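J.: Mind having a look at this structure? Questions to follow.
The values are calculated or read from the model by the stated rules, or taken from the named source; none is laboratory data. Being a predicted model, the structure only gives us computed values, none of them experimental. All Cβ positions, glycine included, derive from the backbone under ideal geometry; neighbour counts span all protein chains shown. Surface accessibility is based on the protein's heavy atoms, side chains included, excluding ligands, DNA and RNA. Shrake-Rupley method; radii C 1.70, N 1.55, O 1.52, S 1.80 Å.
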Amino acid sequence: MLHELKTWPKHFADVRAGIKTAELRLNDRNYQPGDVLVLREYDPEAAEYTGEVETRTITHVLEGEAWLQPGVVMLSMSGGERDASRT
């Protein structure tokens, strides 16, 4: 399944840089391993999308743990790894 999600600029930049490899989200979409996240950068001050997009695959869904609020999941993501030869 494909999930298009708004992502604020700071979080989007961290995903793009490979620093952020997990997402905390409400589980309002029944996320599953293998689902694809289409993260669309959204500027809340301008109230519009910037046009930047990153795609990641869900590798693990953590839910129902004592430290997560009810209805919230931690989505581990893979994909978008940078080619080391381009650094």
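J.: Mind listing whichever residues of region 14-31 are open to solvent by 50 Å² or more (accessible area, probe 1.4 Å) and part of a helix (DSSP H, G or I)?
T.: Passing the criteria: 16, 17.
J.: Kindly provide the set of residues from region 42-74 that are on the phi > 0 side of the Ramachandran plot and either in contact (Cβ under 8 Å) with a residue 40 or more places away in the chain or over 18 Å from the mean Cα position of the chain (by Cα) (or both), ordered by number.
T.: Within region 42-74, the first condition is being on the phi > 0 side of the Ramachandran plot, and the residues that meet it are 47, 51, 64, 71.
Result: 47, 64, 71.
So that you can scan it fast, the table gives a plain yes or no per residue for (1) surrounded by fewer than 10 Cβ atoms within 10 Å (Cβ to Cβ); (2) modelled with pLDDT under 95; (3) closer than 21 Å to residue 70 by Cα; (4) among the hydrophobic types (A, V, I, L, M, F, W, C):
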residue	(1), (2), (3), (4)
7	no, no, no, no
12	no, no, no, yes
33	no, no, yes, no
50	no, no, no, no
55	no, no, no, no
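J.: In region 66-83, which residues are surrounded by 10 or more Cβ atoms within 10 Å (Cβ to Cβ) and either more than 18 Å from residue 14 (Cα to Cα) or modelled with pLDDT of 90 or more (or both)? It would help to see each step written out before you state the result.
T.: First, pick out the residues of region 66-83 that are surrounded by 10 or more Cβ atoms within 10 Å (Cβ to Cβ): 68, 71-80, 82.
Selection gives 68, 71, 72, 73, 74, 75, 76, 77, 78.
J.: (1) touching a strand residue (DSSP E or B) at 6+ places or on another chain (Cβ under 7 Å); (2) over 13 Å from residue 80 (Cβ atoms); (3) part of a strand (DSSP E or B): which one isn't true of residue 51, the others all being true?
T.: (1)
J.: Okay, moving on. Residue check: is residue 38 of a type in the set (A, V, I, L, M), in contact (Cβ under 8 Å) with a residue 12 or more places away in the chain and open to solvent by less than 40 Å² (accessible area, probe 1.4 Å)? Steps first, please.
T.: Numbers: of a type in the set (A, V, I, L, M): yes; in contact (Cβ under 8 Å) with a residue 12 or more places away in the chain: yes; open to solvent by less than 40 Å² (accessible area, probe 1.4 Å): yes.
Judged against the criteria, residue 38 is a match.
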